[in-house]
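Only the coordinates and a few stated rules stand behind these numbers; no lab work does. Please read all numbers here as calculations on a predicted model, not as lab measurements. Glycine gets a Cβ as well: all are built from the backbone with ideal geometry, and neighbour counts include every protein chain shown.
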Amino acid sequence: MGNFETADVLVEGKKIVAVGPAVRADGADVIDARGRIVMPGFVDTHHHQFETALRSFLSNGLLTDDGSGSPSANPSYTDHVLQRFARVYRPQDVYINSLFAGLSQLDAGVTSVLDVSQIHHSPEHSDAAVQALIDAGRRAAFGYFEGDGRPSARYPQDARRLRNQWFSSDNQLVTMVMGGEVYLSEEMYTQSWRIARELGLPIAAHAVSGAGMRPILDDIARGTGGTGNDIGFGPDVLLIHMTGMSDLAWRRARDAGVRVSVAVPIEMTMRHGTPPLLTLQEMGMEPSLSSDVETTMAADAFTLMRSALTMQRMLVNQRVLDQGDYTPPTHWPTPAPGTPPLLNVRDVLRFATLNGARDLHLEHRTGSLTPGKEADIILLDTTALNVTPLNSAPGAVVSLMDRTNVETVIVAGKVRKWRGTLLDTDINRLRTELEKSRDHLFRAAGIRRDLFAYS
Ligand SMILES: [Zn+2]
């Protein structure tokens, strides 16, 4: 619809019906949004919500112990979060962790998420994860991924039951995505990709060379993946990170319409590799943004947008400076032909909204303020101390704001946060339950709680 300095958004039931200056709507309730930026809610295309009780535990941690003996190598994500904590989750831990993550992101204006819930030790764990997404009251794709592989687990075949029991209608706030991790085994990912395609579910999978996935992704890129040599890319596939992938995998992914989610701050700090923002540009592709794990980094969209913007600009700016020789008159070169354009604030805003909706197959429902879409709307306070006076709307959101500026949040026409307060939620009670879950997880995993030991 374009951008308006002053305009109205008319919502009827779940849907946006009009956007523009001076919309007439006799008898409608009115939210006075003067001094506020009115924009679509943010979309996070990859968040491991079950890890909320472990927030900041792994602030320095790498993906895997690299043998260096440094505080970043131990504890590590593989050894501690996956091998130890994840194994002791009970269904009630899955529920409270995931619910709390959802409410926290809702409070920060993230109205849609893909919950990459790699915690499906049993059907009860799966049901708890779905229930938490429903109870959070925001738009979510339930990512049905693997658990720790214990005998009671029914991954991936329980997808059929989950689909029938929870996702029989396509017209609901919570939808389903099939986890298809290629690092499991060839048999396992063959099954999960086949089930996804049988059920018409989108597929999501991590793609990280440091975890040994590059040759497998090459195999799939050629269309000869899986035990039957018949698993290939398609527009139903979302690949997460895409760090260290081959040119072949990139070209085939682009040509097949694969979507890519980048978790820029996590990729930079946990050694996934350089976030592939320049490769995406070279390929003529655009990513969505994702928060990944709160064990290590905040899960708000402002952090994600600023990280993507500054990281890409650092690379391009240095490349331009290197085209001169640091001495007048060539100390400030004009970029040579072929230099990637700098990302700007509108680019990363699009990554965090419209591209996220596209990558979760929700672009007909959310991602922009467009008549016919559902009303996922946030109001951002431009009169606040850290923002005022307003001189650029996209600039203020991306370069100045943080979650404290998210004043009102609406999901599918329903107000979920109103003037700074989440509605219909007893945060004190939920915090106590989350702390109990945290205590259980540390005790059962045999990991000492120590506020200063892991940093
Ligand atoms: Zn992940």
Exercise. How long are the semi-axes of the ellipsoid equivalent to the stretch 5-134, from square roots of 5 times the Cα gyration tensor eigenvalues, in whole Å, largest first?
Worked result: 41, 19, 10
Problem set entry | Hz values of 3J(HN,Hα) by residue in the stretch 244-251 - Karplus curve (6.51, -1.76, 1.60), Gly and Pro given as x | x, 8, 6, 4, 4, 4, 5, 5
For this session: Lys and Arg at +1, Asp and Glu at -1: add these up for the other residues within a Cβ distance under 10 Å of residue 444 and post the number.
Result: +2
Exercise. For the residue pair residue 439 and residue 60, what label-to-label distance in nm results when each label sits 7 Å from Cα along the Cα-to-beta-carbon direction?
Worked result: 2.9
Problem set entry | Fraction of the pair-distance distribution of the stretch 38-422 above 35 Å, Cα-Cα pairs, percent | 23
For this session: Calculate for the chain the 222 nm mean residue ellipticity that helices alone would give, adding -39,500 (n - 2.57) per DSSP H run of length 4 or more and normalising by residue count, nearest 500 deg cm²/dmol.
Result: -9500 deg cm²/dmol
For this session: Give the span of the stretch 257-337's Cα atoms along each principal axis, as three whole-Å numbers ordered largest to smallest.
Result: 47, 30, 22
Seminar exercise, completed: antiparallel share of DSSP beta bridges within the stretch 38-422, to nearest 5, in %, is 30
Problem set entry | Positive-pole candidate from 114, 324, 41, dipole of the chain, charges at beta carbon | 41
Exercise. In a solvent-free Debye calculation with one equal scatterer on each Cα, what is log10 I(q)/I(0) for the stretch 116-267 at q = 0.11, 0.17, 0.21 Å⁻¹, listed in the order of the q values?
Worked result: -0.41, -0.98, -1.37
For this session: Under 14 Å from a label point 7 Å along Cα→Cβ of residue 364: give me every residue in the stretch 170-196 with its amide N that close.
Result: 170-172
Problem set entry | Protection-proxy order for peptides 151-160, 338-347, 322-331, 171-180, each taking the mean of Cβ atoms within 10 Å per residue, highest first | 171-180, 151-160, 338-347, 322-331
For this session: With a Förster radius of 30 Å, plug the Cβ-Cβ distance of residue 183 and residue 230 into 1/(1 + (r/R0)^6) and report the FRET value to the nearest 0.05.
Result: 0.95
Exercise. What Kirkwood hydrodynamic radius, in Å, does the stretch 341-455 give when the mean of 1/r is taken over all pairs of distinct Cα atoms and then inverted?
Worked result: 17.6
For this session: Grab the other residues whose beta carbon is less than 11 angstrom from that of residue 127, score K and R as +1, D and E as -1, and report the net.
Result: -1
For this session: Report, in whole Å, the centroid distance computed from the Cα atoms of the stretch 148-197 and the stretch 275-344.
Result: 35
Exercise. Amide H to amide H under 5 Å from residue 204: which residues, 5+ apart in sequence or cross-chain, H placed 1.01 Å off N in plane?
Worked result: 178, 179, 180, 238
For this session: Multiply the residue separation of residue 385 and residue 34 by 0.36 nm, subtract the distance between their alpha-carbon atoms, and state the gained length in nm to one decimal.
Result: 124.7 nm
For this session: Hand me the tally of lysine pairs in the chain: alpha carbons under 25 angstrom apart, and the pair either on different chains or 8 or more positions apart.
Result: 8
Problem set entry | Estimated inter-spin distance, residue 150 and residue 430, nm [label 7 Å along Cα→Cβ] | 2.6
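Treat every Asp and Glu Cβ in the stretch 38-422 as -1 and every Lys and Arg Cβ as +1, leave all other atoms uncharged, and give the resulting dipole magnitude about the Cα centre to the nearest 20 debye.
In debye, rounded to 20, the stretch 38-422 gives about 660.
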Problem set entry | Added length on full extension, which subtracts the Cα-Cα distance from 0.36 nm per residue, residue 282 to residue 332 | 15.6 nm
For this session: Return the long-range amide H neighbours of residue 46 (sequence gap of 5 or more, or a different chain), with a cut-off of under 5 Å between placed amide H atoms.
Result: 114, 291, 292
Exercise. Going highest first, how would you order 41-48, 377-384, 139-146 by mean Cβ packing within 10 Å?
Worked result: 41-48, 139-146, 377-384
Seminar exercise, completed: Scoring only Lys, Arg, Asp and Glu (+1, +1, -1, -1) among other residues with Cβ under 10 Å from the Cβ of residue 54 yields 0
